[in-house]
1. For residue A:77, state whether it is in a helix (DSSP H, G or I), at pLDDT 90 or above and more than 8 Å from chain B (Cβ to nearest Cβ).
2. Among the candidates A:252, A:258, single out the residue that is more than 23 Å from residue B:84 (Cα to Cα) and either within 7 Å of another protein chain (Cβ to nearest Cβ) or modelled with pLDDT of 85 or more (or both).
3. Do we find that residue A:138 is in contact with an Asp or Glu (Cβ under 6 Å, 6 or more places away or on another chain), more than 7 Å from chain B (Cβ to nearest Cβ) and among the β-branched types (Val, Ile, Thr) in this structure?
4. Consider residue A:98 carefully, then state whether it is of a type outside the set (S, T, N, Q), away from chain B (no Cβ under 13 Å) and part of a helix (DSSP H, G or I).
5. Using the structure shown, decide if residue A:117 is of a type in the set (Lys, Arg), modelled with pLDDT of 95 or more and not assigned by TED's automatic domain parsing to the domain that holds residue A:227.
6. Return yes when residue A:205 is in contact (Cβ under 8 Å) with a residue 40 or more places away in the chain, closer than 16 Å to residue B:37 by Cβ, of a type outside the set (S, T, N, Q) and part of a loop (DSSP other than H, G, I, E, B) and no when it is not.
7. Could you check region A:119-132 and list, in sequence order, the residues that are in a loop (DSSP other than H, G, I, E, B) and out of contact with any Phe, Trp or Tyr (no Cβ under 8 Å at 6 or more places or on another chain)?
8. Tally time: how many residues in region A:80-91 are at the interface with chain B (Cβ under 9 Å from one of its Cβ atoms) and free of Cβ contacts under 8 Å to residues at least 12 places away in the same chain?
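The values are calculated or read from the model by the stated rules, or taken from the named source; none is laboratory data. Quick caveat: nothing in here was measured; it's all calculated off a predicted structure. FYI the Cβ positions are ideal-geometry reconstructions off the backbone, even for glycines, and counts take in every protein chain you see.
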Amino acid sequence: MSVVTQSLPTEVGARVERSVADRAGVRRTMLEGARDITPMVIGVAPFGLAIGAAIGASSVGTAEGLASGPAIFAGAAQLSVIQMLDSGVTPAVIVLSALMINARLLLYSASLASWFRGSSLPQRLLLAIPVIDQLYFTCGPRFEQGDLDRRGRVAYYSGAASFLTSTWVATQAVAIVAGARVPESVGLHVAAPLALAGLLAKSLADGKAIAAAVCGGVVAVIGVGLPYSSAVLVATLCGVAAGTALDHAAARRGEGPRSRLDGAAVR
Amino acid sequence: MNAWIVILAVGAGTYLFRAGMFVVLGRRSLPAWTATPMGLVAPAAVAALVASLLFTSGRQVGAVPVAELAAVAAGFLAVRYSGNVMHAFVAGMPVFWLLDAVVT
């Protein structure tokens, strides 16, 4: 991939970081990224098949359906776009709803971007393309170990992203082209919430994360009727506020240092 | 035609979300106080998405999706204990099939 083979300035003031200065090191680190994201990729494959089957069963055309995966590259939003197109919702409403669902990516990108400070703008624009939950969950913890320099992080991220994106697009394409007519009793529609439930289980590192998740889930259910899928964004913000408030309250009560609660904090 | 415009508009808007902070944070870093809230975005957002998917794209809109809820709970617990996200399906799908057959 051109992203990783271009020459990058060497890291200044590096900690004990593993050198991936040569091609073999870059390739090894890319493979490490691909290997580490494998459970996520396997977890996302049924979700991709489910979306492909939903496209096949909808009135959305094959070409548009095939293009929607790589164009949006975010399953929950894509699924809502397909469902709303199929039921003839006004285009502006569909777009607004999907963007409400995807607003979280702005915040994922803020924490992922901090690992690539100093990279060239074109490279950062490329790295932004695959930003998504699974990649965030795989790369964040790995980068926090601190042994990869920036070039290593680019290689790791690219390896993980390539595997995830290619599988995502391929599973959808297979389901759309094969025109899979899956009976409802197979429960393919459960694949989407199940894939995300697995991620949720991985994200609950501490008490404040649990508080954020409980609040986010409850508000999303209460607000299901809110217009433009805004419940998802409102619920996310409520969850973040609840978790942060809990963290502050714990700090004020002097329940040990805040760093104890901040174990999973992102940079 | 409308479908193309919608898909491309959603794709473009989503890319702006993704690229926004990569552009803004090219040299700068976020203030330290943002670390805690930023770390909470993932649990809050994913929980909201799961809840939203369960209650909006189920087959019986408006009804409580019992089999789906139980499947998701089983998948969640399996991953919580094994640490492997693949196990969400291993545990969740059989629960769905069983309850779906019993309930309907």
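1. Judged against the criteria, residue A:77 is not a match.
2. A:252
3. It is true that residue A:138 is in contact with an Asp or Glu (Cβ under 6 Å, 6 or more places away or on another chain), more than 7 Å from chain B (Cβ to nearest Cβ) and among the β-branched types (Val, Ile, Thr).
4. no
5. No, not satisfied.
6. In short, yes.
7. Within region A:119-132, A:119, A:120 qualify.
8. 1
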